[in-house]
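Working notes, structure below.
The values are calculated or read from the model by the stated rules, or taken from the named source; none is laboratory data. Note that the coordinates shown come from a computational prediction; the quantities given were computed from them, not determined experimentally. As a convention, Cβ positions derive from the backbone with ideal geometry for all residues, glycine included, and neighbour counts pool all protein chains shown.
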Amino acid sequence: MKLFNKIRSAGRKSKFAVVVLALAVGVGVPLAHAEFYPDRPTYDYNKFDPNNLNCDDAANPAAQNGRCGSMNGPVFNSFVNTPSYGDERAFFDGRRSDMAANTNADDIQNVNDGSKEVVLRMYVHNNANTYTNASGQGVAHNTKVRIALPTATEQVLRARAYISADNAGLVEDTADLLGSEKFNVTYVPGSAKLLRGTSQYALSDSIVGSGAQVGNNTMNGDLPGCFEFAALVEIHVKVNVEQKPQLQLVKEVKVKGTAGWGKEVTTKPGTEVQWRLGTKDVGNVNLDNVVIRDILPPHVKLVPGSVRLINTAGDKVQADGPLFAGGFIAGNYVPGGTQYVIFNTTTLDDFSTCEVRVRNIALARSDQTPTEVRDTSDVVIQKENCKPQPPTPAYSCDMLTATKGDNRTVTYTTAATATNGAKVTLYHYDFGDNSAVLVTDKATVSHAYAKDGQYAARVKVQFAVNNTVKYAENDKCAAVVTFTAPGVPTAPTQLVNTGPGSVAAIFAVVTALGAVVYRWYLGRRLSA
C-alpha cells in the first residue's frame, strides 16, 4: 500500500550535528543516544515465505516469515524495509507548513523562516498479524498517541512522540526543530488529526498532554493490526521567534561635497564637514521613542540650521539644540525601519599643534533598549605649512622608599620619570652617615650603617636632556631611617611637610631630633 509520501531507510535516524539538544523536559542529551526507543526486535518485510502465505503455523514461529508481523498480540512500529515507510521505528518527523508534504524530515530546518509553523507527523502501525484481529488478540486497546513539545527557548529544540496501548509496549521517537534564531513552540489547538487513505479524523488536544486515543473508524482506542489500519497523525505547532529588540547606530563622516561616507576624514581648518548618524531597528520587535543624541568634539563648530532628519517621508530640517542636549526624538521604528540624522560642522584652528584628531560620539536608545548604543567617527585636522614643535622633555624624581633589613641594612629604591626625550642616566645616593655619595645607574641599592642612629638619606637623579645634564630632587626623594640600641626610645621618623623643594628643612628636622635623643641618652648615662 502507498499511503505515505516518505520512504524511511533502515536503521537509526541521522540528526543535525549539534552537541546537545533541548528536550521537552528541558534536559540536553548527547547525539550518541538512539533517536527511537526501545531498540526492539524487528519484522523484516523483505523476508517472505511463499509456502506460508497465511502465517498460520503459530505453533512453529520458525516457519513464519518476517512479513507476517506479530502473531502474539499488538506490537507498534517494528517493521523494517516496508515499501510504504521503510523503517517504522523512526516514525516521527515534520516539515514547515508552507513546504510540500514530501519534504518531511527528522531535522526540520529553518523553522523561524517562512510560515513560522511546523507540521509534526507520526506514523502509527500495529504490527499484529491481520489473522489475529478476529479473535481480538491482535487489537490494541486504549491506543494513545502523545507528543511532548519542548518548553525551552533555543535555536535547536527536540520534540518527542509516543505510541502506547494497554496491551502493547510503549515506543517513542524524536524530531528536531532548528532555526537561525532562538525560538519556542506552541501547539495550535484543534490541529491534531489522524489520516488514513482519503479519510481523516479529528483527535483530542490532549495529544500534547496525557495523550489522545486513536482507532480505526472511531477514535476509541481500539486499533486492529496490519498495514491496512496504519495511519498518520499530524499536529501543527507555532514557531515563536524570541523577542529581541535591537537598535543599530552607525556614525559616519565626510567632507561636504565629496562622495562616500566613512569612519574618518583628514582635512584642514576652515573646512565644512558632514556627520551622519544612521539608526535602524535590526531586531524583530518594534522600537518606541527612539532618541538620538550627539556629543560635539572640540575644534569644530556647528553650522547653524544644518541638522536634518532623513527618512522615507523625506528630508526635514530640525532644531539645532535637542540633538546636542538631551537628545533628538526620532519616533517609533518597525523592524527594518531606518532613519538618518545629518549635520555639518566647520573645522577650526584653535589648537597649538600642527595636527589634531577629533572624535565625534553619537548615542541612541529606545524604550525597549534603554541602554544607549554608541558609535564614533573621526576628523583629523592638519594645519598647512606647519612644522611640528618637538615635545617638551619632562623629568622628575618621584619617590625614594626605604626598606630596613637585618644588621642595619637598608634597601633604597628610587622612582623617577623621564619622557619626551629625557633619559635617566645616574642616581646620586647620600645615605646621611657621612659615607661617600654613591653614584650608580641602579634605581635600587643597599647600604649597611655602621652604628645605631637616625639617618636622613636622599637621592638626586641625573638626566640627559637635549644633550645637557639635568638633576632633580625633592622632599619625596628623601627618607629617614632609625636604628636604636635596646632600651633606648626611638625618636619620631615621620617627616615634617615642609613644602616642595625644601630638602634642607628635612635634614634640619632630622638633625634636631638626633640632638634631642643624644642629650636624653647622655643624661641617662650620667645619672646612672
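Find the residue count for region 77-95, including only residues that are touching a Ser or Thr at 6+ places or on another chain (Cβ under 8 Å) and not β-branched (Val, Ile, Thr). Even if it seems obvious, please write down each step before you answer.
Pass one, region 77-95, residues touching a Ser or Thr at 6+ places or on another chain (Cβ under 8 Å): 78-80, 86-89, 92, 95.
Still in the list and also not β-branched (Val, Ile, Thr): 78-79, 86-89, 92, 95.
Qualifying residue count for the region: 8.
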Subset of region 130-157 [crowded, with 24+ Cβ neighbours inside 10 Å and not β-branched (Val, Ile, Thr)]: Gly138, Ala140, Leu157
Check on Asn126, at pLDDT 95 or above, on the phi > 0 side of the Ramachandran plot and either outside the structural domain of His236 (by TED's automatic domain parsing) or not hydrophobic (A, V, I, L, M, F, W, C) (or both): no
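Answer yes or no as to whether Ile292 is in contact with a His (Cβ under 8 Å, 6 or more places away or on another chain), in a strand (DSSP E or B) and at pLDDT 95 or above. Outline the logic, then answer.
Details: in contact with a His (Cβ under 8 Å, 6 or more places away or on another chain): no; in a strand (DSSP E or B): yes; at pLDDT 95 or above: yes.
Considered against the rule, which asks whether it is in contact with a His (Cβ under 8 Å, 6 or more places away or on another chain), in a strand (DSSP E or B) and at pLDDT 95 or above, Ile292 comes out as no.
From the list Leu223, Leu277, exactly one residue is outside the structural domain of Asn289 (by TED's automatic domain parsing) and either crowded, with 19+ Cβ neighbours inside 10 Å or of a type outside the set (Val, Ile, Thr) (or both). Which is it? Walk me through it before giving the result.
Numbers: Leu277 fails: outside the structural domain of Asn289 (by TED's automatic domain parsing).
Matching residue, one of Leu223, Leu277: Leu223.
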Looking only at region 95-104, and only at residues there that are surrounded by 17 or more Cβ atoms within 10 Å (Cβ to Cβ) and more than 30 Å from the chain's Cα centre (by Cα), the one that is farthest from Ala175 (Cα to Cα): Met99
Which numbered condition Gln368 fails, given (1) in a loop (DSSP other than H, G, I, E, B); (2) touching a Phe, Trp or Tyr at 6+ places or on another chain (Cβ under 8 Å): (2)
Pair list, Cβ under 8 Å, 6 or more apart: region 322-339 residue over 25 Å from Gly305 (Cα atoms), other residue among the charged types (D, E, K, R) and assigned to a strand (DSSP E or B): Tyr333/Lys280; Tyr333/Asp281; Val334/Asp281; Pro335/Asp281; Gly336/Lys280; Gly336/Asp281; Gly337/Lys280; Gly337/Asp281
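Here is a yes/no grid of residues against (1) modelled with pLDDT of 95 or more; (2) in a strand (DSSP E or B); (3) in the same structural domain as Asp106 (by TED's automatic domain parsing):
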position: Leu170; (1), (2), (3): yes, yes, yes
position: Thr174; (1), (2), (3): yes, yes, yes
position: Glu181; (1), (2), (3): no, yes, yes
position: Gln200; (1), (2), (3): yes, yes, yes
position: Ser210; (1), (2), (3): yes, no, yes
position: Asn217; (1), (2), (3): no, no, yes
Every pair of residues 6+ apart whose Cβ atoms lie under 7 Å, when the first sits in region 400-420 and is under 9 Å from Ser446 (Cα atoms) while the second is among the basic types (Lys, Arg) and surrounded by fewer than 19 Cβ atoms within 10 Å (Cβ to Cβ): Val410/Lys404
Where a residue in region 466-481 is over 30 Å from Ala450 (Cα atoms) and its partner, wherever it lies, is among the polar types (S, T, N, Q), with Cβ under 9 Å and at least six apart: Val469/Thr425; Val469/Gln462; Lys470/Gln462
Some residue of region 356-370 being loosely packed, with under 14 Cβ neighbours inside 10 Å and closer than 30 Å to Val334 by Cα: yes
From Arg158, Arg95, Arg89, Arg121, residue being in contact with a helix residue (DSSP H, G or I) (Cβ under 7 Å, 6 or more places away or on another chain) and at pLDDT 95 or above: Arg95
The listed residue being farther than 16 Å from Asp294 by Cβ, aromatic (Phe, Trp, Tyr) and under 38 Å from the mean Cα position of the chain (by Cα), out of Tyr333, Tyr412, Tyr340, Tyr395: Tyr333
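Taking Ser164, is it over 27 Å from the mean Cα position of the chain (by Cα), polar (S, T, N, Q) and in a loop (DSSP other than H, G, I, E, B)?
In short, no.
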Sole exception among (1) within 30 Å of Ala364 (Cα to Cα); (2) loosely packed, with under 12 Cβ neighbours inside 10 Å for Thr376, by number: (2)
Among (1) in contact with a Gly (Cβ under 9 Å, 6 or more places away or on another chain); (2) surrounded by fewer than 17 Cβ atoms within 10 Å (Cβ to Cβ); (3) not polar (S, T, N, Q), the one test that Gly305 misses: (1)
Options Gly197, Gly211, Gly190: the member that is free of Cβ contacts under 8 Å to residues at least 60 places away in the same chain and at positive phi: Gly190
Conditions (1) closer than 30 Å to Lys116 by Cα; (2) surrounded by 18 or more Cβ atoms within 10 Å (Cβ to Cβ); (3) touching a Gly at 6+ places or on another chain (Cβ under 7 Å): number failed by Arg293: (1)
